[in-house]
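Shown below is the structure under consideration.
Read-outs: derived from the displayed coordinates by stated rules, not from any lab. Fair warning: this is a prediction, and the values are worked out from it, not measured in the lab. Positions of Cβ are backbone-derived with ideal geometry, glycine not excepted, and every protein chain shown enters the neighbour counts.
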Amino acid sequence: MCSGETERAAHIPVLFHAVLEGLQVRAGGRYIDATVGGGGHAAGILAASSPGGRLLGLDRDPSALRMAQTRLASYGDRAVLVHSPFSRLKAAARGQDGLLVDGVLFDLGLSSFQLAESARGFSFAADGPLDMRFDPTDDGPTAAELVDDLSLEDLTALLYRFGEEREARRIARAIVAARPIGSARELADVVTGAVSRRRRRIHPATRTFQALRIAVNEELDLLAEALPQAVELLAPEGRLAVISFHSLEDRLVKRFVRQESRDCICPPELPICTCDHRATLKIVTRRPTRPSPEEVGANPRARSARLRVAERVAE
Ligand SMILES: C[S@@+](CC[C@H](N)C(=O)[O-])C[C@H]1O[C@@H](n2cnc3c(N)ncnc32)[C@H](O)[C@@H]1O
């Protein structure tokens, strides 16, 4: 997530210094930003890798790429931007020079400008249609289609699985009773009316919106496809840095990094190793790095950010 909703905060990438430090950005290094967004982290990487550092930036959202293009224009051909989901990371990198890189960054989730664009349907307050696709050119279903077409059972399962929403069934029932649901704001109102009155730290529709966004964009599947590709693209001692914003993403990243840091991944009950797995990563951050209270104060949406860093080992 790049930032908060205010204009001032809109230019502060989350955990900016921790990312540059975690990636150990160096002059002349080669980097991939798999979620280039508005180009905030990418600009930091390019500045810190001067002179001569290079960056390949990917994003699934064409309008994010246009913003990044403007932001990174002063770096000329040191920055190359490609419209692609990060699940095609290797193909995108091969399309350039195919050389191994010194760092790969994933800053997951959505950016504040995507949240602010009413027509995208990401925000509770949006009057626009419930779309939620990161890539509006994608043929996949929109959030409106899921909300209007799924059975009560499937909608309940979706809210439970991708939102970890304890009141999934109650919310799904209210949605089914209210559909068709025209806008993001209408959905937020239906959810708010359905949930119990106990105090929640977050907006009552947060988990419902998260669940729909994850489902629409197949976020967890694509991340699971992308992480091994990122490791393959790293040179020895190259760094992988991932910022996640909810526990489903963070769990996936944590498990991946743990598994890749082991020489054997056989079940513990097996007396001898049969897997032939070799560690490809060394864990750098045993516990994820969290934003400071000052950062959260300046940018409240950074509060759930968790950064994990790992280093490529020679096999
Ligand atoms: C939090 S923003 C990144 C902000 C960026 N680090 C910056 O400093 O401006 C996340 C970006 O990831 C993009 N994104 C989400 N899923 C993606 C995927 N599967 N492949 C590529 N980009 C993706 C979104 O479109 C969004 O622009």
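Cut-off 10 angstrom, C-alpha nodes, Gaussian network model of the chain. Which of Asp59, Asp138, Asp250 fluctuates the most?
Asp138
In region 221-236, which residues have a backbone nitrogen under 18 Å from the label point lying 7 Å from Ala314's Cα in the Cα-to-Cβ direction?
232-236
Take the alpha-carbon positions of region 213-291, form their convex hull, and give its projected area averaged over all directions (one quarter of the hull surface) in nm².
If you wrap the Cα atoms of region 213-291 in a convex hull and average its projections, you get 6.8 nm².
Restricting to DSSP H runs of at least four residues, report the calculated mean residue ellipticity at 222 nm for the chain, -39500 (n - 2.57) per run over all residues, nearest 500 deg cm²/dmol.
Here the helix-only value at 222 nm equals -11500 deg cm²/dmol.
In region 232-264, which residues have a backbone nitrogen under 18 Å from the label point lying 7 Å from Arg166's Cα in the Cα-to-Cβ direction?
Residues 247-248 fall inside that zone.
Now for a different question. Beta carbons within 10 angstrom, averaged per residue: use that to sort the peptides 66-75, 164-173, highest first.
Working: 66-75: 16.5, 164-173: 19.4.
Highest to lowest by the protection proxy: 164-173, 66-75.
Okay, moving on. Using only the Cα atoms of the chain, what semi-axes does the equivalent ellipsoid have when each is the square root of 5 times a gyration tensor eigenvalue? Give whole Å, largest first.
Values: eigenvalues 223, 119, 63 Å².
After scaling each eigenvalue by five and taking roots: 33, 24, 18 Å.
Suppose each label sits 7 Å from its Cα in the direction of the beta carbon; what would the Arg197-Asp127 distance come out to in nanometres?
3.1
In terms of the Cα gyration tensor, with a ≥ b ≥ c the square roots of its eigenvalues, is region 118-217 rounded because a/c is under 1.5, prolate because a/b exceeds b/c, or oblate? Intermediate values should be presented prior to the final figure.
Details: a/c = 1.57, a/b = 1.35, b/c = 1.16.
Taking the square roots of the gyration eigenvalues as a ≥ b ≥ c, region 118-217 is prolate.
Post the alpha-carbon centroid distance, region 77-126 to region 161-215, in whole angstrom.
After rounding, the separation between the Cα centres reads 28 Å.
First measure r as the distance between the Cβ atoms of Asp276 and Ser247, then evaluate 1/(1 + (r/R0)^6) with R0 = 45 Å and state the FRET efficiency to the nearest 0.05.
Computed FRET efficiency for Asp276 and Ser247 comes out at 0.90.
With a 10 Å radius around each residue's Cβ, average the other Cβ atoms per peptide and rank 279-286, 128-135, 186-193, 290-297, highest first.
Descending packing order for the listed peptides: 128-135, 186-193, 279-286, 290-297.
A follow-up question, please. Between Cys264 and Ala73, 0.36 nm times their residue separation minus their Cα-Cα distance comes to what?
Residue separation times 0.36 nm, minus the Cα-Cα distance, leaves 64.2 nm.
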